[in-house]
Amino acid sequence: MRGLKLCGGPGAPRTVVNVAGLAVGRDFVIIAGPCAVESEEQTLRIARLVKSAGAHMLRGGAFKPRLSPYDFQGLGDEGLRILKAAKQETGLPVVTEVMDARHIEKVSDCADVLQVGSRNMQNFTLLKELGLVDRPILLKRGMNATLEDWLNAAEYILSGGNGRVILCERGIRTFETYTRNTLDLSIVPAAKEVCHLPVIVDPSHGTGRASLVHPMCLAAAAAGADGLLIEVHSHPSRAASDREQQITPEAFAGLVQDVTGILSVVRRSDPVRTA
């Protein structure tokens, strides 16, 4: 592919990204939590529940990029404080989005993994700054991005000296209207054919429908994904954002059991490591 120098090619040794003792790219990693941090009580409760069900990391948005300026934008600095409190109580490493290069330092103080959302995949100024950061970066695929576009975005981070990049497929825009996006699971083995970076899948944004998260998690595991990024909320109908795609803690617990079963067949005998 044009322009790629650091993402590797066929036969290159696979990168394993270490996150607080977790080996993303070797161990199958499940990241779960609410779409947005809404309150301390809500976040701590979900963190406890997803950990008990088998999650390895906690996700939650403190800063929320929304299509409408009138929608909930996240709690900002207060959200970061809550995520830090959840990490201290549960021991779960935190994944949260950084939207602005000016926020990198304070988000890094809270998060173990900095997420680049799909709308920022080609924010090259942000990507260059993240190349200088001593934190793993979870890079979501842009909603209109080709595989080459996505990997070139990763190159911006890698070329700055930060080799700890995790790719995340989260669905692309197609003509389909039933789902929020079209989850492109073919990109998982395709990316692994041409790149050495770990690849995880976000079926929550990939479908936009809670009822489809479970089957798409199973399919992602069977397709060779290195992990999952799943939105979980105690009361999805009351969620401040993305309520249609968040699953309950009870559904998440059953999902983890079924994913473990799939992985025992297609990947390894002891696939999901207890957090």
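Structure summary
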| item | result |
| --- | --- |
| Qualifying residue in the stretch 177-188 (condition: among the small types (Gly, Ala, Ser) and more than 16 Å from Met121 (Cβ to Cβ)) | yes |
| Residue list for the stretch 240-275, filter: at pLDDT 95 or above, more than 22 Å from Thr182 (Cβ to Cβ) and either basic (Lys, Arg) or not in a helix (DSSP H, G or I) (or both) | Thr248 |
| Test: Ser234 is hydroxyl-bearing (Ser, Thr, Tyr), surrounded by 19 or more Cβ atoms within 10 Å (Cβ to Cβ) and in contact (Cβ under 8 Å) with a residue 24 or more places away in the chain | no |
| Among residues of the stretch 170-183, those that are under 15 Å from Lys140 (Cα atoms) and free of Cβ contacts under 8 Å to residues at least 40 places away in the same chain, counted | 6 |
| Count of the stretch 91-132 residues which are touching a residue at least 24 places away in the same chain (Cβ under 8 Å) and surrounded by fewer than 20 Cβ atoms within 10 Å (Cβ to Cβ) | 17 |
| Selection within the stretch 22-35 - out of contact with any Leu (no Cβ under 8 Å at 6 or more places or on another chain) and not in a loop (DSSP other than H, G, I, E, B) | Leu22, Ala23, Val24, Asp27 |
| Near pairs, Cβ below 7 angstrom, 6+ apart or cross-chain, from the stretch 9-30 (closer than 18 Å to Ala221 by Cα) to any residue that is exposed (fewer than 14 other Cβ atoms within 10 Å of the Cβ) | Gly25/Arg14 |
| All positions within the stretch 48-90 that are surrounded by 15 or more Cβ atoms within 10 Å (Cβ to Cβ), aromatic (Phe, Trp, Tyr) and more than 18 Å from the chain's Cα centre (by Cα) | Phe72 |
| Of residues in the stretch 81-134 being small (Gly, Ala, Ser) and assigned to a helix (DSSP H, G or I), the one nearest to Gly171 (Cα to Cα) | Ser118 |
| Which numbered condition Asp112 fails, given (1) within 20 Å of Val201 (Cβ to Cβ); (2) among the charged types (D, E, K, R); (3) touching a Gly at 6+ places or on another chain (Cβ under 8 Å) | (3) |
| Residue match in the stretch 187-209 (condition: in contact (Cβ under 8 Å) with a residue 40 or more places away in the chain, assigned to a helix (DSSP H, G or I) and more than 25 Å from Val19 (Cα to Cα)) | no |
| Leading residue by the ranking (surrounded by the fewest Cβ atoms within 10 Å (Cβ to Cβ)) among those in the stretch 135-165 that are without any contact (Cβ under 8 Å) to a residue 40 or more places away in the chain and in a helix (DSSP H, G or I) | Asp149 |
| Test: residue in the stretch 166-188 that is modelled with pLDDT of 95 or more, buried (at least 24 other Cβ atoms within 10 Å of the Cβ) and over 16 Å from the mean Cα position of the chain (by Cα) | no |
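The values are calculated or read from the model by the stated rules, or taken from the named source; none is laboratory data. None of the values given here were measured: they were computed from a predicted structure. No Cβ is skipped: glycine too gets one built from the backbone with ideal geometry, and neighbour counts run over all protein chains shown.
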